[in-house]
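To start, the structure under review is shown below, and the notes come after it.
None of the figures in this text is laboratory data; all of them are computed from the coordinates on show. Quick caveat: nothing in here was measured; it's all calculated off a predicted structure.
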Amino acid sequence: MRWRPKWFNPVWVTIAQISQMVVGVAVTLIGFYYYQTDSTCNIQKQNNIAAFIMYGSYLFLFLQFFIGRYYKGPFKVVPKKKTKEILDYHESG
């Protein structure tokens with residue numbers, strides 16, 4: 001059952017998720033900067049490391065999904081009959 005509207009393009013959801021992860025990675029990198037340079041900063045290093053790992057891994061996964069799904073396109077399956085015809089042609093040729 002597909003309940004999504006015809007006007008809805010799921011690529012935009014993936015782009016929004018990637019954007020969210022880019023912002024998350026950027027915020028944690030800024031947090032690392034302030035942790036190193038500002039002595040009054042109350043950021044805990046362990047929390048920032050965990051956030052960076054989380055946002056970074058999700059960014060990698062969403063990019064991998066995006067490239068596999070929308071950039072490379074779906075894989076085409078060759079029917080068995082066509083495969084047999086191709087093999088027979090190469091064996092006889």
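Consider all pairwise Cα distances in region 1-73 and report the whole-number % of them above 20 Å.
Working: 1227 of 2628 pairs.
Considering region 1-73, 47 percent of its Cα-Cα pairs are separated by more than 20 Å.
Once you have the Cα-Cα distance between Lys72 and Thr37, take 0.36 nm times their residue separation minus that, and quote the gain in nm to one decimal.
On the way: separation 35, 0.36 × 35 = 12.60 nm, distance 4.28 nm.
Extending this stretch completely gives an extra 8.3 nm.
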